[in-house]
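*Asks:* Structure incoming, see below.
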Amino acid sequence: MEAGNDILVRMVGIHKWFGRVYALRGVDFEVRRGETVGLIGDNGAGKSTLIKILSGYHQADQGEIYFEGQKVKIRSPRDARNLGIETVYQEQALAPNLSIARNIFMGREPVKKFGLMDRKAMDEESMKALANLGLRLRSPELPVVTLSGGERQGVAIARALHFKAKLVILDEPTVALSVKEVEEVLEFVRQLQREKVSVVFITHNLYHAFDIAERFVVMARGLKMADVKKEETSPQGLSELVLKSAFVAV
Amino acid sequence: MQGNASYLKRFLLSRSTSVLLVLILIVIFFAVFSPEHRFVDPDNLRVLLSLGAEFSIIALGVGMLMICGEFDLSVGSILAFCSFIFLKLFELHLSLLFIAVITIVVGGLLGLLNALITVRAGIPSFITTLGTMMFWRGLTILLSGGEQTACDVSALNTPAASYFLSFFTGQIGKFLPVQFFWFAIFAIILGVLLHRHRFGNWVYATGDNKDAARAMGINTDWVKTVCFIVVGLLCGFVACAQIGRLACFTSRTGDGWELKAVAASVVGGTSLRGGMGNMFGIFLGATTISVIENGLVVLRIPYFWTYVFFGLVILLSVLSSMYIERKQMEMHR
């Protein structure tokens, strides 16, 4: 196992039922250190379920997860964050009426005595974290609802970077964004890559994924249908793969 | 200078400022138009500050609960049931300290029960507390026979009794009713908790976007439970203060407070959807409701007008807050 060291996370034989729905039927999935994986597939393919197991939102009914070579149990989002797995859910990552600083430190507020928040540190650190991403916003006290869609994704990604995430999962980060904002978000992801953070990028849009990912995993109906390197395929090739896997009889 | 101008603009556009302005206008109105300016008579102010504070203390807790996205319609019934517990323990001639502690703890437990039903069973708290509102009120009336019963702490004539009374119903500096002092103290404690403490950030996050809060590792169920318990504890506290003041138990106490408390929070700028509001606003909202109730009595306007005015104030304050929010959004752009 000489390659074992550079594998950050490995999921083996993951099964998940929701009542009678067999959502994941024994999926293997791995991400290397510093690697960006595009996870693609049609609606209901099981992408989100797989990722929610990794981020502690659901628990697998069967299967194992290894993180940095250690077998781990991820029972809650908190467990996942403690390992260094940060998830940026579409529309779910931020509290719209709270300020940027309060969002970035949500659940991990720096405190002084008696649990009182160190608001000065929160404000300064959030501006620094955003600047690291190349995002300059007027004030850390602005409510998130006043930001553009791209800026909001930036806040969520800055949060992940600030807390030294080893793996950032982006769940449909470009959905409902304008062309300019999509480019902004892809630039944030490139910044993550420069910082050697592993990224899982879930998307419907093959072209967005193709720009930044190094490897693609195609899912359909709870199964992994393909696992290809960027060099071995093209956006057209991927598109055909997704279509074909959706119609293959299981 | 530009910084100053924007601070002024921010001040004028803040929700609390508009509530404060409305409150001041209402106070001036009552002061001018009440017969012989009786509204600002020290005796009336004392009544207003002591009586109004009882309701207002509970409204503070309800406001915080609403920020985390839940309702408590059972506050009046918890108050009545706690009063009944106080009465029964008092009749057993137990120590006043013990009675007060148990009364407040019972309030907290009823709050915990609301929380457990809401959080564990996933029932909307509007429904949960509608049920417990009827249940505890019904049980109180049933067990007490619906009668008023004397419960005169001052008749004990012990040092403990006089200590109890000065703690819950006394005056500070020969004028300020201690109830108002407690109202202010609770507002400050909850205000610090909400705005300065990390728990406050969890309350806002839970109310604003529960999924995000959970994904960030916040135990939203626990946050809600704590908020419900705080409301219950405050009800227990007020039960002690009210019995001390009235020297009797009545099973109808706190009737209608549940919606008045919601109204106070909304007037103070709290969103019905959670995630928005602040303690100073809730403080002012609760005071506004008390002032209107008292002022209309002093104006000798028939009591039935009270709710007509409440309705108007609520609608006007919600409309003005929508206007302010829109202006704020424009400012940020």
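*Asks:* Considering A:Val9, A:Val21, A:Val27, which residue is of a type in the set (Val, Ile, Thr) and surrounded by fewer than 21 Cβ atoms within 10 Å (Cβ to Cβ)?
*Replies:* Numbers: A:Val9 fails: surrounded by fewer than 21 Cβ atoms within 10 Å (Cβ to Cβ); A:Val27 fails: surrounded by fewer than 21 Cβ atoms within 10 Å (Cβ to Cβ).
Every option except A:Val21 fails the conditions.
*Asks:* How many residues, within segment B:163-199, are in contact with a Ser or Thr (Cβ under 6 Å, 6 or more places away or on another chain) and either assigned to a strand (DSSP E or B) or within 14 Å of chain A (Cβ to nearest Cβ) (or both)?
*Replies:* Going through segment B:163-199 one residue at a time, the tally reaches 1.
*Asks:* Among A:Lys128, A:Lys166, A:Lys113, A:Lys180, which is on the phi < 0 side of the Ramachandran plot, within 14 Å of another protein chain (Cβ to nearest Cβ) and either at pLDDT 90 or above or open to solvent by 10 Å² or more (accessible area, probe 1.4 Å) (or both)? Explain how you work it out, then say what you get.
*Replies:* Working: A:Lys128 fails: within 14 Å of another protein chain (Cβ to nearest Cβ); A:Lys166 fails: within 14 Å of another protein chain (Cβ to nearest Cβ); A:Lys180 fails: within 14 Å of another protein chain (Cβ to nearest Cβ).
Result: A:Lys113 is the single residue among A:Lys128, A:Lys166, A:Lys113, A:Lys180 that is on the phi < 0 side of the Ramachandran plot, within 14 Å of another protein chain (Cβ to nearest Cβ) and either at pLDDT 90 or above or open to solvent by 10 Å² or more (accessible area, probe 1.4 Å) (or both).
*Asks:* Is it the case, given these coordinates, that B:Ile243 is assigned to a helix (DSSP H, G or I), away from chain A (no Cβ under 14 Å) and open to solvent by 30 Å² or more (accessible area, probe 1.4 Å)?
*Replies:* Considered against the rule, which asks whether it is assigned to a helix (DSSP H, G or I), away from chain A (no Cβ under 14 Å) and open to solvent by 30 Å² or more (accessible area, probe 1.4 Å), B:Ile243 comes out as no.
*Asks:* Also, I was wondering about something else. Looking at segment B:221-239, can you tell me whether even one residue there is among the β-branched types (Val, Ile, Thr) and at pLDDT below 95? Step through it out loud before you land on a result.
*Replies:* Going through segment B:221-239, the residues among the β-branched types (Val, Ile, Thr) turn out to be B:223, B:225-226, B:229-231, B:238.
Now restrict to residues that are at pLDDT below 95: none.
The answer is no, given that none of the residues of segment B:221-239 is among the β-branched types (Val, Ile, Thr) and at pLDDT below 95.
*Asks:* Take segment A:86-102 and flag every residue that is more than 16 Å from the chain's Cα centre (by Cα), facing another protein chain (nearest Cβ under 7 Å) and in contact (Cβ under 8 Å) with a residue 24 or more places away in the chain.
*Replies:* Of all residues in segment A:86-102, those more than 16 Å from the chain's Cα centre (by Cα) come to A:95-102.
Those still in the list that are facing another protein chain (nearest Cβ under 7 Å) too: A:95-98, A:102.
Listed by number, the residues that qualify are A:Ala95, A:Pro96, A:Asn97, A:Leu98.
*Asks:* Restricting attention to segment A:78-110, which residues are open to solvent by less than 20 Å² (accessible area, probe 1.4 Å), aliphatic (A, V, I, L, M) and in a helix (DSSP H, G or I)?
*Replies:* A:Ala80, A:Ile100, A:Ala101, A:Ile104
*Asks:* Continuing with this model, one more query. Examine segment B:286-299 for a residue that is open to solvent by 30 Å² or more (accessible area, probe 1.4 Å) and assigned to a loop (DSSP other than H, G, I, E, B), and state whether such a residue exists.
*Replies:* yes
*Asks:* (1) over 20 Å from B:Ala239 (Cα atoms); (2) among the β-branched types (Val, Ile, Thr); (3) at pLDDT 90 or above; (4) in contact with a helix residue (DSSP H, G or I) (Cβ under 6 Å, 6 or more places away or on another chain): which one isn't true of B:Ile58, the others all being true?
*Replies:* Checking B:Ile58 against (1) over 20 Å from B:Ala239 (Cα atoms); (2) among the β-branched types (Val, Ile, Thr); (3) at pLDDT 90 or above; (4) in contact with a helix residue (DSSP H, G or I) (Cβ under 6 Å, 6 or more places away or on another chain), the one that fails is (1).
*Asks:* Using the structure shown, decide if A:Phe105 is more than 7 Å from every other protein chain (Cβ to nearest Cβ) and either in contact (Cβ under 8 Å) with a residue 24 or more places away in the chain or under 24 Å from A:Gly149 (Cβ atoms) (or both).
*Replies:* yes
The values are calculated or read from the model by the stated rules, or taken from the named source; none is laboratory data. This is a predicted model, so every value here is computed, not measured. Backbone-built Cβ (ideal geometry, glycine too); neighbour counts: all protein chains shown. Note: areas computed on protein heavy atoms with side chains; ligands, DNA, RNA excluded. Shrake-Rupley method; radii C 1.70, N 1.55, O 1.52, S 1.80 Å.
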